[in-house]
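Input: a single structure, listed below in structure tokens.
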Ligand SMILES: CC(C)(COP(=O)(O)OP(=O)(O)OC[C@H]1O[C@@H](n2cnc3c(N)ncnc32)[C@H](O)[C@@H]1OP(=O)(O)O)[C@@H](O)C(=O)NCCC(=O)NCCS
């Protein structure tokens, strides 16, 4: 694999335009940048947003936002990793993996015990994620393929108290960014 010189840091306010460009280039369109705009302006936003910077240029971004686990005894606040973007010119050199691993480390001691995401299990398994159903969690939509619904546990995870369905905040639904829809 080619090398890189990126380093991970917290996103700053003056990164927003650069981040938006990276997200748009990575996902090829405005849908995901608009989701990120929506997240920033919603109750889901916790300011947990990180960038990878290489030679003073933002080349990758990831955000973690608030969601809920509908557990038997109470609603548990959890995190959702979304979106994750690496600029197409800098993909497949290890930057995305480093960004996820280092940002997860920075979140390790937060109160939220779990980080959920939708994504390719081949990619995220190496980064500490396991299929959600393996730990007793249910998808927020049947349009998320079972293997794509994944979770990583943080320090506060308590297996005996934590099972149930992930509940997304409305912003994911308003932007129709949950699961897959058949290709038109
Ligand atoms: C997916 C993404 C974040 C990966 O970041 P990255 O920096 O390119 O990945 P890394 O360099 O850390 O890891 C590379 C390895 O991951 C795997 N990989 C990379 N992209 C992948 C993808 N889309 N699906 C599955 N595996 C992938 C490959 O095995 C690759 O190794 P290889 O080049 O030896 O085959 C990046 O490609 C991206 O931004 N894609 C567009 C947006 C997107 O799909 N985001 C994730 C949504 S869940």
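Across q = 0.24 Å⁻¹, the range 95-145 modelled as identical point scatterers on its alpha-carbon atoms has Debye log10 I(q)/I(0) values of -1.07, in the order of the q list. Centre-to-centre, using Cα atoms only, the range 42-87 and the range 108-171 are separated by 13 Å. Every helix of 4 or more DSSP H residues in the chain counts as -39500 (n - 2.57), and over all residues that averages to -6500 deg cm²/dmol at 222 nm.
Computed from Cα positions, the angle between helix 95-107 and the longest principal axis of the chain comes to roughly 50 degrees. Compute the long axis of helix 31-40 from its Cα atoms, compare it with the longest principal axis of the Cα atoms of the chain, and write down the angle in degrees, 0 to 90, nearest 10. Between the helix axis and the principal axis of the chain, the angle is about 70 degrees.
Short-range pairs are left out: with C-alpha atoms under 8 Å and at least six residues apart, the relative contact order of the chain is 23 percent.
Remark: the residue 74-residue 101 segment gains 6.8 nm on full extension, using 0.36 nm per residue and subtracting the alpha carbon distance. Return the inverse of the average 1/r over all pairs of distinct C-alpha atoms in the range 23-83, which is the Kirkwood hydrodynamic radius, in Å to one decimal. Every distinct Cα pair counted, the radius reaches 13.0 Å.
In the range 97-184, the ratio of gyration radius to Kirkwood radius, Rg to Rh, stands at 0.97 when only Cα atoms are counted. Summarising the label geometry, the points placed 7 Å from Cα in the beta-carbon direction at residue 57 and residue 89 lie 0.3 nm from one another. Quick one: angle between helix 16-27 and the longest Cα principal axis of the chain, in degrees between 0 and 90, rounded to 10, please. Orientation of helix 16-27: about 80 degrees from the principal axis. Each eigenvalue of the Cα gyration tensor of the range 7-174, multiplied by 5 and square-rooted, gives one semi-axis; in descending order these are 26, 16, 15 Å. For residue 34 and residue 183, FRET efficiency with R0 = 25 Å and r from the beta-carbon atoms, rounded to 0.05? Result of the calculation: an efficiency of 0.75. Of the peptides 110-123, 7-20, the ranking by mean beta-carbon count within 10 Å, highest at the top, reads 110-123, 7-20.
FYI, it's all coordinate maths here, none of it is from the lab. Given the structure is predicted, the values throughout are model-derived calculations rather than measurements. In this analysis, Cβ positions are derived from the backbone assuming ideal geometry, glycine residues included, and neighbour counts consider all displayed protein chains.
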